[in-house]
Amino acid sequence: GAVVSQHPSRVICKSGTSVKIECRSLDFQATTMFWYRQFPKQSLMLMATSNEGSKATYEQGVEKDKFLINHASLTLSTLTVTSAHPEDSSFYICSARDRQWSSYEQYFGPGTRLTVT
Amino acid sequence: DAKTTQPPSMDCAEGRAANLPCNHSTISGNEYVYWYRQIHSQGPQYIIHGLKNNETNEMASLIITEDRKSSTLILPHATLRDTAVYYCIVRSPRYNFNKFYFGSGTKLNVKP
């Protein structure tokens, strides 16, 4: 099956710093990737849609200047949390859609646990 | 995307079938039913999806009612490793750039 990886799996950063999270599709090409955030005991919340070679589209209420998304290739999307604060501490998950298959499934990464101190 | 309703939690004995219901009464004709699950602190895992016919794969079966207003995910022989939150998502693959919006899901507790 299709595999999506994320790096790092865990990161701790100080308040005010920026942190970058990578999402890679390992064995398929993904024109579209998605970024989610999940707080403890809550469901996944879609943050943005990342399209290769174009600007990301953000869901309502998500600050695009705070959560910078870059989708530079068909296998890599990055999410940068800028000027992180403790309230940004969360589980960040990416997913990707295989451009080749028409089943429209999404394959999810293992997630990145961000802790802002 | 159609809204889904799932019970917040369910218990199931190990080795027995787990039947997880999902109501999607406002589903439209071109919307599929997808099921994903999330084991604690991991990314969601695809289970199965269908449009109107019942579907089966190596993980589970999906039963969709004739009016398509509800569906049931069946894990035929639940194991302790099936303990997870199960999400039912209804959406059309043709629209909205294939976005998935997750509801609150059902926490399935498989007990020995």
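Where a number appears in this text, it was derived from the coordinates with a stated rule and is not lab data. Since the structure is predicted, the reported quantities are computational estimates derived from the model, not experimental observations. Here Cβ is always computed from backbone atoms with ideal geometry, including for glycine, and neighbour counts include all displayed protein chains.
See the values below:
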read-out	value
Options A:S83, A:S95: the member that is in contact with a Gly (Cβ under 8 Å, 6 or more places away or on another chain), assigned to a strand (DSSP E or B) and among the polar types (S, T, N, Q)	A:S95
Residue in segment A:64-73 that is among the acidic types (D, E), surrounded by 15 or more Cβ atoms within 10 Å (Cβ to Cβ) and on the phi < 0 side of the Ramachandran plot present	no
Set A:T78, A:T112, A:T82: member being surrounded by 15 or more Cβ atoms within 10 Å (Cβ to Cβ), more than 13 Å from chain B (Cβ to nearest Cβ), touching a residue at least 60 places away in the same chain (Cβ under 8 Å) and not basic (K, R)	A:T82
Yes/no for A:F28 being at the interface with chain B (Cβ under 10 Å from one of its Cβ atoms) and crowded, with 18+ Cβ neighbours inside 10 Å	no
Pairs with Cβ under 9 Å, 6+ apart, first in segment B:26-45 and more than 11 Å from chain A (Cβ to nearest Cβ), second buried (at least 23 other Cβ atoms within 10 Å of the Cβ) and in a loop (DSSP other than H, G, I, E, B)	B:I27/B:T4; B:E31/B:H24; B:V33/B:T4; B:V33/B:H24; B:V33/B:I27
Those residues of segment A:1-21 which are away from chain B (no Cβ under 14 Å) and either closer than 15 Å to A:L76 by Cβ or outside any strand (DSSP E or B) (or both), in sequence order	A:P8, A:K14, A:S15, A:G16, A:T17, A:S18, A:K20
Residue check, B:T4 more than 14 Å from chain A (Cβ to nearest Cβ), under 29 Å from A:A96 (Cβ atoms) and out of contact with any Ser or Thr (no Cβ under 6 Å at 6 or more places or on another chain)	no
Tally of residues being outside any loop (DSSP other than H, G, I, E, B) and over 14 Å from B:P44 (Cα atoms) across segment A:31-65	9
Residue within segment B:25-34 that is of a type in the set (D, E, K, R) and part of a helix (DSSP H, G or I) present	no
Some residue of segment B:68-91 being under 30 Å from A:E59 (Cα atoms), within 14 Å of chain A (Cβ to nearest Cβ), in contact (Cβ under 8 Å) with a residue 60 or more places away in the chain and in a loop (DSSP other than H, G, I, E, B)	no
Enumeration of residues in segment A:45-55 that are more than 14 Å from A:A96 (Cα to Cα) and out of contact with any Phe, Trp or Tyr (no Cβ under 7 Å at 6 or more places or on another chain)	A:G53, A:S54, A:K55
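The rows are residues; the columns are (1) surrounded by fewer than 21 Cβ atoms within 10 Å (Cβ to Cβ); (2) within 19 Å of B:S41 (Cα to Cα); (3) not aromatic (F, W, Y).
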site: B:N57; (1), (2), (3): yes, no, yes
site: B:S61; (1), (2), (3): yes, no, yes
site: B:I64; (1), (2), (3): no, no, yes
site: B:R68; (1), (2), (3): yes, no, yes
site: B:G103; (1), (2), (3): yes, yes, yes
site: B:K107; (1), (2), (3): yes, yes, yes
site: B:K111; (1), (2), (3): yes, no, yes
